[in-house]
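Asks: Have a look at the structure that comes next, please.
The values are calculated or read from the model by the stated rules, or taken from the named source; none is laboratory data. Bear in mind the structure is a predicted one, so any value in this text is a computation, not a measurement. Every residue, glycine among them, receives a Cβ derived from its backbone with ideal geometry; neighbour counts consider all protein chains shown.
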Amino acid sequence: MVMAAGLGTRMRPLTLDRPKALVALAGRPLIDHVLDRLVAAGVARVVVNVHAFADAVETHLKGRSDVEVVISDERGALLETGGGLKAARPLLGEEPILVANVDSIWIEPPGRPVLDALIAAWDGARMDDLLLLAPIDRSLGFDGPGDFHRAADGRLAHRGADAAAAFAQAGVHMLSPRLIDAWPSAPHSVFAHWMDMAAQGRLHGAVMDGVWMHVGDPAAREAAEARLALER
C-alpha cells in the first residue's frame, strides 16, 4: 500500500496546486519513484489511498501499465496512517503487505535492493510489524534526533525521553493485514499500534543499506535533487 492521501502542508508552496505524491523529484513524481521500487521488488498490485487532489492522483496512476493500481478513496475524510490502513483493509488480502510513504526515497548500493532485504527479514512468528530503518548518519532531509533503538535481535524500542536514537523510521514497513482488523476506523496514526507492539517485543526493524532521503518539504526536495544528481 502506498500512502498518498496527505495534505502535504510542509511541502507548500509546491502543494498549493497538486498533491505531494505528484511533486516532481529528478523530473518524476514522488509516487513514481516509490512505485518503481515496489515493482522492482516484485509487487504486482498496489493499493493507493487518495484524498487531496484525488482526481489528479487517480488520473496519473492510470498511466502505470507495469502494476495493477487499486484506489482506496478517502475523499470524504482524511484518515491518517492508521485509519487509512483500516479503510483499505478489504482491499489488502491476507498475506503480509508493504506499506510505503510517497516521500520516502533512497539510493541503494548496486545489487543490494532495499526492499528485497526487508522482505527477506520478515518473520511473522516473531514480529507483528517490521520497520525499514535508516541510520541517522546516512539520512538526508531528516532533522530529528532519531526514532528508535534497535536490539541485536532486531526488536525496537522508541527513543522516548532519550536525547537521540541511532535510527529513523524510513517510511516503509511490512506487516500482516490481519492485525488491522482490530484497529479503530476513526482517523488515527499507526504510531500507537507500533508502541503496543514494541511493548510486547513484536516490533522489529531492518536496517537499510544506502542513503535514505526524506522528501518532506521544499528544502529537503532540493537537497534530494542535488544528491541524486551526483548519481547521474
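Asks: Restricting to the stretch 135-151, name every residue that is farther than 20 Å from L115 by Cβ, at pLDDT below 95 and part of a loop (DSSP other than H, G, I, E, B).
Replies: D143, G144, P145, G146
Asks: A further question follows. Test of understanding: among D153, D147, D162, which residue is crowded, with 17+ Cβ neighbours inside 10 Å, acidic (D, E), farther than 20 Å from H33 by Cα and in contact with a strand residue (DSSP E or B) (Cβ under 9 Å, 6 or more places away or on another chain)?
Replies: After ruling out the rest, the residue left standing is D147.
Asks: Identify the residue in the stretch 180-213 that is charged (D, E, K, R) and not in a helix (DSSP H, G or I) and, among all such residues, is farthest from M127 (Cα to Cα).
Replies: Among those that are charged (D, E, K, R) and not in a helix (DSSP H, G or I), it is D209.
Asks: Would you say D162 is without any contact (Cβ under 8 Å) to a residue 24 or more places away in the chain and within 15 Å of the chain's Cα centre (by Cα)?
Replies: Considered against the rule, which asks whether it is without any contact (Cβ under 8 Å) to a residue 24 or more places away in the chain and within 15 Å of the chain's Cα centre (by Cα), D162 comes out as no.
Asks: Somewhere in the stretch 46-67, is a residue free of Cβ contacts under 8 Å to residues at least 12 places away in the same chain and part of a strand (DSSP E or B)?
Replies: Taking every residue of the stretch 46-67 in turn, none turns out to be free of Cβ contacts under 8 Å to residues at least 12 places away in the same chain and part of a strand (DSSP E or B).
Asks: Among the residues of the stretch 179-190, is there at least one that is within 19 Å of A134 (Cα to Cα), modelled with pLDDT of 95 or more and buried (at least 16 other Cβ atoms within 10 Å of the Cβ)?
Replies: Yes.
Asks: Here is a check on your reading of the model: is R10 within 26 Å of A192 (Cβ to Cβ), surrounded by fewer than 19 Cβ atoms within 10 Å (Cβ to Cβ) and either in contact with a helix residue (DSSP H, G or I) (Cβ under 6 Å, 6 or more places away or on another chain) or modelled with pLDDT under 95 (or both)? Steps first, please.
Replies: Values: within 26 Å of A192 (Cβ to Cβ): yes; surrounded by fewer than 19 Cβ atoms within 10 Å (Cβ to Cβ): yes; either in contact with a helix residue (DSSP H, G or I) (Cβ under 6 Å, 6 or more places away or on another chain) or modelled with pLDDT under 95 (or both): yes.
So R10 passes the test.
Asks: Read through the list (1) part of a helix (DSSP H, G or I); (2) closer than 21 Å to L79 by Cα; (3) in contact (Cβ under 8 Å) with a residue 12 or more places away in the chain, then give the number of the only condition that G171 fails.
Replies: For G171, the failing item is (1).
Asks: Kindly establish whether G27 is among the small types (G, A, S) and more than 25 Å from S176 (Cβ to Cβ).
Replies: When the stated conditions are applied, G27 passes them.
Asks: Moving on to the next point. In the stretch 1-36, which residues are of a type in the set (G, A, S), assigned to a loop (DSSP other than H, G, I, E, B) and in contact (Cβ under 8 Å) with a residue 12 or more places away in the chain?
Replies: Hits for the stretch 1-36 are A4, A5, G6, G8, A26.
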